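The values are calculated or read from the model by the stated rules, or taken from the named source; none is laboratory data. Keep in mind that what you see is a predicted model, and the values were worked out from it rather than measured. Cβ placement follows ideal geometry from the backbone for every residue including glycine, while neighbour counts extend to all protein chains displayed. Remember, those area values only see protein heavy atoms, side chains included, never the ligands or the DNA or RNA. Shrake-Rupley method; radii C 1.70, N 1.55, O 1.52, S 1.80 Å.
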Amino acid sequence: MVKSLNGERLKDMVVGAATLLDNHKETLNALNVFPVPDGDTGTNMSLTMIAAAKEVLAANKADHKDVVSALSVGSLKGARGNSGVILSQIWRGFSGVLGDLDGEIGARDIALAMRKGTESAYRAIMKPKEGTILTVIRAMSDAADAFVKENDDILEMIQHILSEGETVLKKTPDMLPVLKEAGVVDAGGAGLVIIFKGFKKVLDGEKFDEGTPLDLEMDIAPRSDMRNAETPDLEFAFCTEFFIKDIFSHILERDVDAFRQKLAKLGDCVLVVGDLTLVKVHVHTNDPGIVLQTALALGDLSQIKIDNMREQHRHLIVQEAEKSKDVKPMSVVSVVSGDGLKEIFMDSLIDEFVEGGQTMNPSTQDILSAIEKAPSENVIVLPNNKNIVLAAQQAAELSKKNVVVVPTKTLPQGISAALAYNCEEDFDTNVARMLKAQGNVKTGQVTVAVRDSGINGGKIKQGEWIGIGEDEIVSNGSDVLKVSMRLLDKLVDEDAGVIAVYYGEGIEEDMAEEMIEAITQKYEDCDIELHYGGQSVYSYLFAVE
């Protein structure tokens, strides 16, 4: 029996739910046919919850108000895709109730928070569709309201609302024809059920990891054939997402509402959420440039992300087609360090990964095992570190497969090579494209000196920041921003057009944003990109092309 929750228990529930959701994101991706069949609902919901969990872990767990505020802020900052933004609005409603509560959280408080979360989610959607996550959260909220009239046990309440959520989820194909045609339930609704399943597991005291069965106590069938989920009726091709920050002082709520109405004329799946300190925007449109130009009237734009959904679906078609065969025409194996960087490589359809990097070089056997596991007789290997190139070449010689090592010496080189990979081209063409791409990248790396040493007659002290450009230490000092800018001075020339920044372990997003602002001001003629890499050792990686 659980009568109340404190901040620490709530924190554990959020982290547990994020873990369970991440473990089963591919199951949700396999269900994703609405609003478009781009196979990313699980990934988007997982990234949203992971961002929320990171914020929660940094909050004061002794105060549940700090925890629910972190849940709301973290999910908004990390919201990805239609499903992620809707999820962030559910937590915003939660925060509005529980953040005003003095004392521990009871069952009635949770029921009211769920009601507010439901209302917040519905308000965020200009044209709500039933048979989606909205329907599931509303049904679960109704179940919570009914339960607390007779019982105040939180654990029993969550079990009760889970049962109702699963029942309604099974009915979603009857509400949305596209779901029935594909033979699936709604992916977003299934993700919400998994989240509450995670809550219950934590309250039950269960330990779970990657091997934990989904155990939804229901039948969730994956798509029978995603190739049948065609896109000719996909009216708007580009999923466009960004934040509006540093909103101009004269902007009022009605101006944000007017902006939302303008977006409704430029596309669909419109979501404009947040407040006058930070606004998250999501829209499917054919004119992302006009959307961005319109948004600039409100404030500065940040973390712009534009995805071609037709292209995403074509990738899914290729993936599904290849899964139906015993082998693929070719595969790519990549050495990688950092969960963010791994996601970037995965987007380029890399088949197998070997964990490793500067301080954890994989062995020849590690790389050989990945080559043999790759579903093709033709394999391209990206070592992504100068210390790993030789081991990769040895693994290639030991394998009976046709293996070519593209000798990428840094992760930015590897990313460039991976982006050049096109599974619709032949093997030799891809090798040539990837060799050319990796040679066009200048790499900068920023890390901390582990001991005293020297540079060009000067001294480097242990604990100082050092900037490494093309294998040479070119800057050092106590200020990471100054060290990084001096490093870029050595890398950026008149031919440079793009500067990509990948921030790693120990770097907060606001620190990375400060770095981007400085780079943007100095290199106005370059396109600047910011990505979470999560890599160890190197706090920042710079790719200049």
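Brief remarks follow.
- Any hit, the range 406-427, residues being over 22 Å from Glu343 (Cβ atoms), among the polar types (S, T, N, Q) and open to solvent by 30 Å² or more (accessible area, probe 1.4 Å): no
- Pairs with Cβ under 7 Å, 6+ apart, first in the range 47-59 and in a helix (DSSP H, G or I), second of a type in the set (Asp, Glu) and surrounded by fewer than 24 Cβ atoms within 10 Å (Cβ to Cβ): Ile50/Asp22
- In the range 97-120, the residue that is most open to solvent (accessible area, probe 1.4 Å) out of those that are among the charged types (D, E, K, R) and either touching a Phe, Trp or Tyr at 6+ places or on another chain (Cβ under 6 Å) or more than 21 Å from Gly274 (Cα to Cα) (or both) is Arg108.
- Of all residues in the range 37-86, those that are surrounded by fewer than 24 Cβ atoms within 10 Å (Cβ to Cβ) and β-branched (Val, Ile, Thr) total 3.
- Test: residue in the range 341-351 that is of a type in the set (A, V, I, L, M, F, W, C), in contact with a Cys (Cβ under 7 Å, 6 or more places away or on another chain), under 14 Å from Ala418 (Cβ atoms) and at pLDDT below 90: yes
- None of Arg123, Arg138 is more than 17 Å from Gly191 (Cβ to Cβ), of a type outside the set (Asp, Glu) and open to solvent by 30 Å² or more (accessible area, probe 1.4 Å) except Arg123.
- Enumeration of residues in the range 484-524 that are of a type in the set (Lys, Arg) and either in contact with a Phe, Trp or Tyr (Cβ under 7 Å, 6 or more places away or on another chain) or within 22 Å of Glu464 (Cβ to Cβ) (or both): Arg486, Lys490
- Residue in the range 169-178 that is hydrophobic (A, V, I, L, M, F, W, C) and within 25 Å of Ala52 (Cα to Cα) present: yes
- Among the residues making up the range 243-280, those that are on the phi < 0 side of the Ramachandran plot, of a type outside the set (A, V, I, L, M) and in contact (Cβ under 8 Å) with a residue 40 or more places away in the chain are Phe243, Lys245, Phe248, Asp255, Arg260, Asp268, Lys280.
- Residues in the range 146-193 that are in contact (Cβ under 8 Å) with a residue 60 or more places away in the chain, buried (at least 21 other Cβ atoms within 10 Å of the Cβ) and in a helix (DSSP H, G or I): Ile154, Leu179, Ala182, Ala187, Gly188, Ala190, Gly191, Leu192.
- Within the range 466-480, considering residues that are without any contact (Cβ under 8 Å) to a residue 60 or more places away in the chain and under 31 Å from the mean Cα position of the chain (by Cα), the one surrounded by the fewest Cβ atoms within 10 Å (Cβ to Cβ): Asp479
- Filter result for Leu271 (at pLDDT 90 or above and either open to solvent by 70 Å² or more (accessible area, probe 1.4 Å) or touching a helix residue (DSSP H, G or I) at 6+ places or on another chain (Cβ under 7 Å) (or both)): no
- Ile371 meets the stated requirement of being open to solvent by less than 60 Å² (accessible area, probe 1.4 Å), in contact with a Ser or Thr (Cβ under 7 Å, 6 or more places away or on another chain) and within 16 Å of Ser331 (Cα to Cα).
- Residue satisfying condition, being open to solvent by 30 Å² or more (accessible area, probe 1.4 Å) and aliphatic (A, V, I, L, M), within set Val448, Val483, Val431: Val448
- One residue from Glu425, Glu397 being of a type in the set (D, E, K, R), without any contact (Cβ under 8 Å) to a residue 24 or more places away in the chain, farther than 22 Å from Val498 by Cα and in a helix (DSSP H, G or I): Glu397
- If you go through the range 375-390 and pick out every residue that is more than 31 Å from the chain's Cα centre (by Cα) and either buried (at least 24 other Cβ atoms within 10 Å of the Cβ) or touching a residue at least 24 places away in the same chain (Cβ under 8 Å) (or both), you end up with 1.
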